[in-house]
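These notes are about the structure you will find just below.
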Amino acid sequence: NIFIVDEHAERLWLPQRHAAAVKAMLARHKIGERKMSVEDLERFVAGADVFSRQSDGTTIAAQYSKLGITLRCANTDRVNGWAEILQRFGDVGADIRPTLFIHKRCGRLIETLPTLQHDPNRPEDVLKIDADEDGIGGDDCADALRYLVATKSRTITQRKLRGV
């Protein structure tokens, strides 16, 4: 199961301000008696653009890392990501239970998901919608959800090999 319990979205902020806001958002939640922190997250993913080198050779991901938030490059496969979200919503008619739950605090995401439309040129994909000049609208929060569900946790399996 995946539980989306909060959201953070702001435009034109520097990484320092985003990192502080994300940490404050996590601290509003508790695990047992202690406040939640970045270390409690199984994964923290971002689009490939934050890993691109800037003119000075640094990356936005490196800036976040210095602030205590280690980002992993998200799987941005649109078709399989949207299929995963659809599957996780379940199907009441087929008695398939949901495995994705979104808290009411996630207003932007809840508002965006029902407005998504199939891309007429690629029906298995969702039509990309950009925010306007004021940052209103767009599908960035839905893309963030897609990144989350499409990017699987890294698991390492260790086995003792036996010769023949």
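Annotation: per residue accessible area for the chain equals 72 Å², rounded to a whole number [probe 1.4 Å, protein chains only]. Along the chain, counting only chymotrypsin sites (Phe, Trp or Tyr not before Pro) with a DSSP assignment other than H, G, I, E or B and at most 16 other Cβ atoms inside a 10 Å radius, the longest segment between sites is 90-164.
Surface composition of the chain: carbon and sulfur atoms hold 52% of the protein heavy-atom accessible area at a 1.4 Å probe. When the alpha carbon gyration tensor of the stretch 38-149 is reduced to an equivalent ellipsoid, its three semi-axes come out at 28, 18, 14 angstrom, largest first. Between E42 and I2, the simple spin-label model (points 7 angstrom out along Cα→Cβ) gives 0.9 nm. Cross-link list K35/K66; K35/K104; K104/K152; K23/K66: which exceed 23 angstrom alpha carbon to alpha carbon? Going by Cα-Cα distance, K104/K152 fall outside the 23 Å limit. Only protein heavy atoms count here; on that basis, with a 1.4 Å probe, T70 has an accessible area of about 100 Å².
Between A20 and Q158, take the C-beta separation as r, use R0 = 30 Å, and let me know the FRET efficiency to the nearest 0.05. With R0 = 30 Å, the Cβ-Cβ based efficiency is 0.20.
The values are calculated or read from the model by the stated rules, or taken from the named source; none is laboratory data. Note that the structure is a prediction, hence the values are computed from the model and not measured. Cβ coordinates were reconstructed from backbone atoms using ideal geometry, including for glycine residues, and neighbour counts include every protein chain displayed. The protein model used for the area step is the full one, side chains on, heavy atoms only, and it has no ligands, DNA or RNA in it. Shrake-Rupley method; radii C 1.70, N 1.55, O 1.52, S 1.80 Å.
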